[in-house]
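Colleague: Shown below is the structure under consideration.
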């Protein structure tokens, strides 16, 4: 199981996907939760422009206990992909122990043979009634499996960042992803101890 | 005179002459023993063996003829079986199985009989008085008409428009029984409650609530019937209890404050429990059902309990169990015995309160309804959160990362009446079944919203029409093309299995019946 609690508490994260999926917003929430909620340092570098019109876009977030001198991310510890193009572009940069997280319906992790995390975030968002909340579900999932920031701070950051009147729905989406993440971790732990079913 | 009471059921053929010899000799038969002469030990059913305990007896001895000497052939075998089962029940109830003893004597063995009686009496005295306090006698009701009038007014029965929608949805009427909710309501309104035919109908109602759902005036017929039953109970009208009233006796016995049951003695170590947990699991009466019906139907309703705890364990919930858990009182309430229902409810309220738990998880739909609806309606508030197991499973599974080995068969679902009334009670089991990925889910002809019932409720009023209803249900299940009938209540399972025992129709009705929890527990796994 990959739990990224590093001694330095430093995380370099890349979120990537199509323009319009809310990748940059998710990155902003992540950094805001770390800085305002958890009293740590964080930076955000956005990459969009022509890419925003349906191409690959990314948000590069660094979270650290110390001052951050160089904001761009060259080798992420956590790579969350919500599009195939994003995966193809950034997978080579992921560190050797880095955590890969994908939307399982949108990304095929070709050529990646290590253990990774996947979530049907877009499908879940559709089930919740709003496809555009997939980013928040992904964010909840990322936080559950990596522990990069505290869930409480992130919930606050979600409430204050999303459009007025949608906070409740977005928190529900966040919880959906977060619970899914915890369930996945629990499942892996159960499997590791050989108790995957209810009968044994 | 001492205050111990030991009932001796004594067979007329073998041991009674021996007893007479003792009387002729003016032998010193222990004075605690009260003899009841019976025609055959094999005819003393479990209900009759247990009844004295409900009434406060300290011990019961069943004395018959040695094997091979029974005048009727099967008496000794039957007596053995009945004694063994009743001892099992006494053990679970915490009364002690030693309080019931079976022995066989030939007419010439007066000395043997005497030493048996002395030995038994001294053992009972050593064990001490029974913890059961005899239930209070039903208070005679002075004004039947006035009580009925109140019940009519409280349940909105005057607004009946005589439209007949109730009769056209009533499972009993549809099974061909000359029974009609509106006609019954009209008879009670016109003051005929004292007539035996009307009373019979009051005890026949299944209280399934389909009529109420269809009623344009929203007359709460099940609640009205429940009210009328408790009124009739007060007049001493027979309440049409089935199985000799054994199950009601059992529940009334548990309403004695002194009884400390050993409810969980049968539980295996496959399941994990923790006495200090904040989550309590309430199991229900399945352990008693398995002993009582085990020989006849081979039911294994305790599996529903172990499966439920296994599922909780699967989700890392290690529940506490009340070591002296009692019945929830559902069947007493619905068979008119409100006084003992309230006694049980108060004892449970106290036990839940002092358990230190914050949540109760219930797997039986009847227990769930009783704890969450009927207790508060009777002013008994449970300060704990009450959760139906199926709800919890759906909630946990919905979080994700849990998968099911596809079931592959064609299944149908029999809605338990006490689950169907819940807001999500029809959807929920179907949602769970869909997750199990059967090759197909087939709805019965009278399934879903208009689901018929399993033919009986609260162990009263079972008759040929109940059986016809059950046979119809199974025939519908088979006709749907399903090869597995899934249920969610231990009683549905017992009643369906009972119908399959029919000597004429049985072979055509045989169908696999399983509880939903059993299906889930076998296929659920972490992804």
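Colleague: Every residue in region B:387-409 that is away from chain A (no Cβ under 14 Å) and in contact with a strand residue (DSSP E or B) (Cβ under 7 Å, 6 or more places away or on another chain), please. Working first, answer last.
Modeller: Taking region B:387-409 and keeping what is away from chain A (no Cβ under 14 Å), we get B:387-388, B:390-391, B:406-409.
Once the filter is applied, which keeps residues that are away from chain A (no Cβ under 14 Å) and in contact with a strand residue (DSSP E or B) (Cβ under 7 Å, 6 or more places away or on another chain), region B:387-409 yields B:387, B:388, B:409.
Colleague: Based on what the data block shows, is residue B:520 within 30 Å of residue A:191 (Cβ to Cβ), in contact (Cβ under 8 Å) with a residue 60 or more places away in the chain and surrounded by 19 or more Cβ atoms within 10 Å (Cβ to Cβ)? So that I can check it myself, show each step before the final result.
Modeller: Working: within 30 Å of residue A:191 (Cβ to Cβ): yes; in contact (Cβ under 8 Å) with a residue 60 or more places away in the chain: yes; surrounded by 19 or more Cβ atoms within 10 Å (Cβ to Cβ): yes.
Taking the combined requirement at face value, the residue satisfies it.
Colleague: If the requirement is being surrounded by fewer than 18 Cβ atoms within 10 Å (Cβ to Cβ) and within 14 Å of another protein chain (Cβ to nearest Cβ), which of these qualifies: B:437, B:424, B:445, B:431? First the steps, then the outcome.
Modeller: Working: B:437 fails: within 14 Å of another protein chain (Cβ to nearest Cβ); B:424 fails: within 14 Å of another protein chain (Cβ to nearest Cβ); B:445 fails: within 14 Å of another protein chain (Cβ to nearest Cβ).
Among B:437, B:424, B:445, B:431, only B:431 is surrounded by fewer than 18 Cβ atoms within 10 Å (Cβ to Cβ) and within 14 Å of another protein chain (Cβ to nearest Cβ).
Colleague: Additional query: Can you name the residue in region B:301-316 that is in contact (Cβ under 8 Å) with a residue 60 or more places away in the chain and not in a helix (DSSP H, G or I) and is also nearest to the other protein chains (Cβ to nearest Cβ) among such residues?
Modeller: Only one residue tops the list, namely B:315.
Colleague: If you don't mind, there's one more thing I want to ask. Restricting to region B:232-252, name every residue that is at pLDDT below 90 and part of a helix (DSSP H, G or I).
Modeller: Passing the criteria: B:232, B:233, B:234, B:235.
Colleague: Right, something else. Look at region B:14-57 and say how many of its residues are more than 19 Å from residue B:72 (Cα to Cα), touching a strand residue (DSSP E or B) at 6+ places or on another chain (Cβ under 8 Å) and in a loop (DSSP other than H, G, I, E, B).
Modeller: Here the count works out to 3.
Colleague: Which condition number does residue B:473 fail, the rest of (1) buried (at least 18 other Cβ atoms within 10 Å of the Cβ); (2) away from chain A (no Cβ under 14 Å); (3) farther than 21 Å from residue B:168 by Cβ being met?
Modeller: All conditions are met except number (3).
Colleague: Shifting gears a bit: Across region A:102-131, what is the total count of residues that are surrounded by 22 or more Cβ atoms within 10 Å (Cβ to Cβ), within 14 Å of another protein chain (Cβ to nearest Cβ) and not in a helix (DSSP H, G or I)?
Modeller: 3
Colleague: Let me ask something else. If you take the residues of region B:502-527 that are over 21 Å from residue B:409 (Cα atoms) and within 14 Å of chain A (Cβ to nearest Cβ), which of them is modelled with the lowest pLDDT?
Modeller: This residue is B:527.
Colleague: A further question on this structure: Condition check: away from chain B (no Cβ under 14 Å), in contact with a helix residue (DSSP H, G or I) (Cβ under 9 Å, 6 or more places away or on another chain) and outside any helix (DSSP H, G or I). Does residue A:134 satisfy that?
Modeller: On the way: away from chain B (no Cβ under 14 Å): yes; in contact with a helix residue (DSSP H, G or I) (Cβ under 9 Å, 6 or more places away or on another chain): yes; outside any helix (DSSP H, G or I): no.
No; evaluated as a whole, the condition is false for this residue.
Colleague: Please give the number of the condition residue B:312 fails out of (1) on the phi < 0 side of the Ramachandran plot; (2) more than 16 Å from the chain's Cα centre (by Cα); (3) surrounded by fewer than 24 Cβ atoms within 10 Å (Cβ to Cβ).
Modeller: (3)
Colleague: Now, a different point. Residue A:150 passes all but one of (1) crowded, with 23+ Cβ neighbours inside 10 Å; (2) away from chain B (no Cβ under 11 Å); which number fails?
Modeller: (1)
Colleague: With respect to residue A:98, is the statement that it is within 28 Å of residue A:73 (Cα to Cα) and modelled with pLDDT of 95 or more true? Write out each step before concluding.
Modeller: Numbers: within 28 Å of residue A:73 (Cα to Cα): yes; modelled with pLDDT of 95 or more: no.
No; evaluated as a whole, the condition is false for this residue.
Colleague: From the list B:353, B:298, B:284, exactly one residue is within 23 Å of residue B:97 (Cβ to Cβ), more than 14 Å from chain A (Cβ to nearest Cβ) and either out of contact with any helix residue (DSSP H, G or I) (no Cβ under 6 Å at 6 or more places or on another chain) or surrounded by fewer than 23 Cβ atoms within 10 Å (Cβ to Cβ) (or both). Which is it? Reasoning before the result, please.
Modeller: Values: B:353 fails: within 23 Å of residue B:97 (Cβ to Cβ); B:284 fails: either out of contact with any helix residue (DSSP H, G or I) (no Cβ under 6 Å at 6 or more places or on another chain) or surrounded by fewer than 23 Cβ atoms within 10 Å (Cβ to Cβ) (or both).
It is B:298.
Colleague: Tell me, yes or no, whether region B:332-347 has at least one residue that is outside any loop (DSSP other than H, G, I, E, B), touching a strand residue (DSSP E or B) at 6+ places or on another chain (Cβ under 7 Å), touching a residue at least 12 places away in the same chain (Cβ under 8 Å) and not assigned by TED's automatic domain parsing to the domain that holds residue B:229. Steps first, answer last, please.
Modeller: In the first step, residues of region B:332-347 are kept if they are outside any loop (DSSP other than H, G, I, E, B); the result is B:332-334, B:338-347.
Filter once more, so that each one left must be touching a strand residue (DSSP E or B) at 6+ places or on another chain (Cβ under 7 Å): B:334.
Still in the list and also touching a residue at least 12 places away in the same chain (Cβ under 8 Å): B:334.
Keeping just the survivors that are not assigned by TED's automatic domain parsing to the domain that holds residue B:229 gives B:334.
So far as region B:332-347 goes, yes, one or more of its residues are outside any loop (DSSP other than H, G, I, E, B), touching a strand residue (DSSP E or B) at 6+ places or on another chain (Cβ under 7 Å), touching a residue at least 12 places away in the same chain (Cβ under 8 Å) and not assigned by TED's automatic domain parsing to the domain that holds residue B:229.
Colleague: Pick out the one residue from B:61, B:57, B:67 that is over 23 Å from the mean Cα position of the chain (by Cα) and surrounded by 17 or more Cβ atoms within 10 Å (Cβ to Cβ). Even if it seems obvious, please write down each step before you answer.
Modeller: Numbers: B:57 fails: over 23 Å from the mean Cα position of the chain (by Cα); B:67 fails: surrounded by 17 or more Cβ atoms within 10 Å (Cβ to Cβ).
The unique qualifying residue is B:61.
Colleague: Does residue B:486 qualify as being within 14 Å of chain A (Cβ to nearest Cβ), in contact with a helix residue (DSSP H, G or I) (Cβ under 6 Å, 6 or more places away or on another chain) and touching a residue at least 40 places away in the same chain (Cβ under 8 Å)? If you could, list the steps in order and put the result at the bottom.
Modeller: Numbers: within 14 Å of chain A (Cβ to nearest Cβ): no; in contact with a helix residue (DSSP H, G or I) (Cβ under 6 Å, 6 or more places away or on another chain): yes; touching a residue at least 40 places away in the same chain (Cβ under 8 Å): yes.
No; evaluated as a whole, the condition is false for this residue.
Colleague: Do you know which residues across region A:153-195 are assigned to a loop (DSSP other than H, G, I, E, B) and facing another protein chain (nearest Cβ under 9 Å)?
Modeller: Keep residues of region A:153-195 that are assigned to a loop (DSSP other than H, G, I, E, B), which gives A:162-166, A:193-195.
Across region A:153-195, the qualifying residue is only A:195.
Colleague: Let me ask another. Can residue B:73 be described as surrounded by fewer than 16 Cβ atoms within 10 Å (Cβ to Cβ) and touching a helix residue (DSSP H, G or I) at 6+ places or on another chain (Cβ under 8 Å)?
Modeller: Working: surrounded by fewer than 16 Cβ atoms within 10 Å (Cβ to Cβ): yes; touching a helix residue (DSSP H, G or I) at 6+ places or on another chain (Cβ under 8 Å): no.
Spelling it out, it is not the case that residue B:73 is surrounded by fewer than 16 Cβ atoms within 10 Å (Cβ to Cβ) and touching a helix residue (DSSP H, G or I) at 6+ places or on another chain (Cβ under 8 Å).
Colleague: Name, by its number, the condition in (1) surrounded by fewer than 24 Cβ atoms within 10 Å (Cβ to Cβ); (2) out of contact with any strand residue (DSSP E or B) (no Cβ under 7 Å at 6 or more places or on another chain); (3) part of a helix (DSSP H, G or I) that does not hold for residue B:372.
Modeller: Failing condition for residue B:372: (2).
Colleague: Quick check on my filter: what residues within region B:423-441 are in a helix (DSSP H, G or I) and closer than 10 Å to residue B:413 by Cβ? Working first, answer last.
Modeller: Of the residues in region B:423-441, the ones in a helix (DSSP H, G or I) are B:427-435.
Passing the criteria: B:429, B:430, B:432, B:433.
Colleague: Is it the case that some residue within region B:128-135 is surrounded by fewer than 16 Cβ atoms within 10 Å (Cβ to Cβ), at pLDDT below 95 and in contact with a helix residue (DSSP H, G or I) (Cβ under 8 Å, 6 or more places away or on another chain)?
Modeller: Looking through region B:128-135, at least one residue is surrounded by fewer than 16 Cβ atoms within 10 Å (Cβ to Cβ), at pLDDT below 95 and in contact with a helix residue (DSSP H, G or I) (Cβ under 8 Å, 6 or more places away or on another chain).
The values are calculated or read from the model by the stated rules, or taken from the named source; none is laboratory data. Please read all numbers here as calculations on a predicted model, not as lab measurements. Ideal geometry is used to build each Cβ from the backbone, glycine not excepted, and the neighbour counts take in all protein chains shown.
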